[in-house]
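To start, the structure itself, in structure tokens.
The values are calculated or read from the model by the stated rules, or taken from the named source; none is laboratory data. What you see is a predicted model; the values in this text were computed from it and never measured. Virtual Cβ from ideal backbone geometry, glycine too; neighbours counted across all protein chains shown. Accessible surface is based on the protein model in full, side chains and every heavy atom, while ligands, DNA and RNA are left aside. Shrake-Rupley method; radii C 1.70, N 1.55, O 1.52, S 1.80 Å.
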Amino acid sequence: MTKLTGFFTELMRRYLPDPFVFAIILTLLTMVLAMLVEGKAPLDVVSGWGKGFWALLAFTTQMAVILAMGYVLAAAPLTDRLLNKIVGRVHEPRTAIIVATVVGCVGSYLNWGFGLVIGGIIAKKLALKVKGVHYPLIIAAAYSGFTMYGLGLSASIPVLISTKGHPLEHLMGVVPLSETIFSAPMLVTSLVVLVTLPLLNAWLHPKAGEAVIEVDPGIDRAEQKADTSALLDRDTFAHKLNHSRLLSMLIGLCGVAYVAYYFFQKGTLDLNLINFIILFLGIILLGTPLAYVEKLNEGIKTIGGIILQFPFYAGIMAIMAASGLVNTISQVFVDVSTAHSLPFWGLISSFVINFFAPSGGGHWVIQGPFMIDAAKTLGASIPHTAMSVMLGNAWNDLVQPFWILPALALSKLKLKDIMGYTVIMTGWIGLVYIAAVLAASYL
């Protein structure tokens, strides 16, 4: 295993570019495929790309908000004290890897944005506290828990198709969560991932005598300049407002009241409401308006890559949809499918497509109609087919450079530092998900 890990790590070090470079290369590749495979004219391809470039601007903002405000929630004093208590009980490197993976898994199961952030935070805390922890591995281990989002409460496709009025309701109806993420096969799969992934990650840790890269103890050290103006203004009315716990509590309670009323009126959970909850919960937990603003400014540093790259992936998705590439890719797998094997091929095709469309919701918009039509034609299970697309998305995210960006921002590592490990994790998760969709289809 050490040789295998070393092989992939060296491979990534030599050949894997920066995530933004990867997005540019993928854009150009998609354009070429649209022209060669689908016979589209270059001008049509560029036109479709440009028209779709900003198509997901609202969604990009939602993603950026959930990550930045998720950082505030994960770094709030109450959460920080809880994480410090957990870290204080860990003394061995392999135990630290296990704990980082479990926290990443549980956090992502509850909410993908929260999981991305809290996993990275506890991984860095553990690396700073436990001597001998291989830093690139513990960051990769915490990130690997992100795959649990596809089985969890914020799994975009199951949540979407369980909502009345969703875009494909006319094709498939409303599918309750009891038939997707809360079905017996998916609950068992969640448990298998939660138990086995931390053990795999611990196994990957360098053995005694092997090279270990430890975290720089000064990773978060910044030059601090005395804010004399703040000292002079301490008794001013403005200073008191900035540090008013009463103001934070009042506006926080207004947010809580709205959420309670919203659910009382039988409103459905969506990204806007999730962001609303995270925002006002963070305001309450941080205590004062200025404390929230300062912590949010820290969180904003983790989303630069999201803001830059998501429009490029929106453009790629636009090319895929307009040219028919997504249908062509899916058709290759559907042509060899039966009612029982369609979810398996749906998983594989989803894994491939997710390189070009790394958003569960956007991914479903372009692949979902084709897969559901195939499921109806072949007589396959619609809930299982939908979950296969979701799991293919969550599986590929382990090697899709886009979603690793927050982990890289928090850890100050490069993509090539951790991707060698996530490739191996992807291999194991692939076996688990393949077994899950086959068991759900054949048993």
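Return yes when residue 72 is over 15 Å from residue 317 (Cβ atoms), of a type in the set (Val, Ile, Thr) and either surrounded by 14 or more Cβ atoms within 10 Å (Cβ to Cβ) or at pLDDT 90 or above (or both) and no when it is not.
Working: over 15 Å from residue 317 (Cβ atoms): yes; of a type in the set (Val, Ile, Thr): yes; either surrounded by 14 or more Cβ atoms within 10 Å (Cβ to Cβ) or at pLDDT 90 or above (or both): yes.
So residue 72 passes the test.
For the range 421-440, which residues satisfy the criterion of being of a type outside the set (A, V, I, L, M) and either touching a Gly at 6+ places or on another chain (Cβ under 8 Å) or open to solvent by 20 Å² or more (accessible area, probe 1.4 Å) (or both)? So that I can check it myself, show each step before the final result.
From the range 421-440, those of a type outside the set (A, V, I, L, M) are 421-422, 426-428, 430, 433; that's our starting set.
If the condition is that a residue be of a type outside the set (A, V, I, L, M) and either touching a Gly at 6+ places or on another chain (Cβ under 8 Å) or open to solvent by 20 Å² or more (accessible area, probe 1.4 Å) (or both), then 427, 428, 433 are the ones that fit.
Using the structure shown, decide if residue 95 is assigned to a helix (DSSP H, G or I), touching a helix residue (DSSP H, G or I) at 6+ places or on another chain (Cβ under 6 Å) and modelled with pLDDT of 90 or more. Write out each step before concluding.
Working: assigned to a helix (DSSP H, G or I): yes; touching a helix residue (DSSP H, G or I) at 6+ places or on another chain (Cβ under 6 Å): no; modelled with pLDDT of 90 or more: yes.
In short, no.
Of all residues in the range 145-183 being in a helix (DSSP H, G or I) and of a type in the set (D, E, K, R), which is farthest from residue 104 (Cα to Cα)? If you could, list the steps in order and put the result at the bottom.
Of the range 145-183, the ones in a helix (DSSP H, G or I) are 145-151, 156-161, 169-172, 177-179.
Then drop every residue that is not of a type in the set (D, E, K, R), which leaves 169, 179.
On the way: 169: 33, 179: 25 Å.
The selected residue is 169.
Within the range 384-397, can one find any residue that is more than 27 Å from residue 60 (Cβ to Cβ) and more than 15 Å from the chain's Cα centre (by Cα)?
The answer is yes; a qualifying residue exists.
For a quick check of your reading of the model, give me the residue pairs whose first member lies in the range 209-225 and is surrounded by 10 or more Cβ atoms within 10 Å (Cβ to Cβ) and assigned to a loop (DSSP other than H, G, I, E, B), whose second is modelled with pLDDT of 85 or more and of a type in the set (A, V, I, L, M), with beta-carbon atoms closer than 8 Å and at least 6 apart or on different chains.
212/133; 214/127; 214/133; 215/127; 215/128; 215/133; 219/128
Restrict the check to the range 339-351 and report whether at least one residue is under 19 Å from the mean Cα position of the chain (by Cα), buried (at least 18 other Cβ atoms within 10 Å of the Cβ) and of a type in the set (Phe, Trp, Tyr).
Within the range 339-351, one or more residues are under 19 Å from the mean Cα position of the chain (by Cα), buried (at least 18 other Cβ atoms within 10 Å of the Cβ) and of a type in the set (Phe, Trp, Tyr).
Any residue at all in the range 266-279 that is open to solvent by 60 Å² or more (accessible area, probe 1.4 Å), assigned to a helix (DSSP H, G or I) and of a type in the set (D, E, K, R)?
No; the residues of the range 266-279 include none that is open to solvent by 60 Å² or more (accessible area, probe 1.4 Å), assigned to a helix (DSSP H, G or I) and of a type in the set (D, E, K, R).
Only one of (1) out of contact with any Cys (no Cβ under 7 Å at 6 or more places or on another chain); (2) open to solvent by less than 40 Å² (accessible area, probe 1.4 Å) is not met by residue 171, so which one is it?
Just one mismatch for residue 171, condition (2).
So residue 358 fits all but one of (1) under 16 Å from the mean Cα position of the chain (by Cα); (2) in a helix (DSSP H, G or I); what number is the exception?
For residue 358, the exception is condition (2).
Just the residues that are in a helix (DSSP H, G or I) and in contact with a Pro (Cβ under 6 Å, 6 or more places away or on another chain), please, taken from the range 111-144. Give the derivation first.
Taking the range 111-144 as the starting set, the residues that turn out to be in a helix (DSSP H, G or I) are 112-129, 135-144.
Listed by number, the list holds a single entry, 116.
Among the residues that make up the range 11-24, is at least one of them at pLDDT 90 or above and either open to solvent by 50 Å² or more (accessible area, probe 1.4 Å) or of a type outside the set (Val, Ile, Thr) (or both)?
yes
Of the residues 417, 397, which single one is among the charged types (D, E, K, R), open to solvent by less than 10 Å² (accessible area, probe 1.4 Å) and closer than 24 Å to residue 107 by Cβ?
From the options 417, 397, the qualifying one is 397.
For the range 360-374, check the following and say yes or no: at least one residue is within 29 Å of residue 4 (Cβ to Cβ) and open to solvent by 10 Å² or more (accessible area, probe 1.4 Å).
Here is the first cut: in the range 360-374, the residues within 29 Å of residue 4 (Cβ to Cβ) are none.
There is no residue in the range 360-374 that is within 29 Å of residue 4 (Cβ to Cβ) and open to solvent by 10 Å² or more (accessible area, probe 1.4 Å).
Being open to solvent by 30 Å² or more (accessible area, probe 1.4 Å) and either on the phi < 0 side of the Ramachandran plot or basic (Lys, Arg) (or both) narrows it down to one of 116, 82, so name that one. Talk me through it step by step, then tell me what you get.
Values: 116 fails: open to solvent by 30 Å² or more (accessible area, probe 1.4 Å).
Going through 116, 82 in turn, the sole match is 82.
For residue 387, all conditions in the list (1) at pLDDT 90 or above; (2) buried (at least 22 other Cβ atoms within 10 Å of the Cβ); (3) in contact with a Leu (Cβ under 8 Å, 6 or more places away or on another chain); (4) farther than 18 Å from residue 123 by Cβ hold save one; what is the number of the exception?
Result: residue 387 passes all but (3).
Name every residue in the range 289-305 that is of a type outside the set (S, T, N, Q), at pLDDT below 85 and surrounded by 20 or more Cβ atoms within 10 Å (Cβ to Cβ), in order of residue number.
299, 303, 305
Select from the range 145-161 the residues that are over 14 Å from the mean Cα position of the chain (by Cα) and open to solvent by less than 10 Å² (accessible area, probe 1.4 Å) and write down the one among them that is farthest from residue 178 (Cα to Cα).
161
Picking from 104, 88, which residue would you name as being farther than 30 Å from residue 189 by Cα, modelled with pLDDT of 90 or more and small (Gly, Ala, Ser)? Give the derivation first.
Values: 104 fails: farther than 30 Å from residue 189 by Cα.
After ruling out the rest, the residue left standing is 88.
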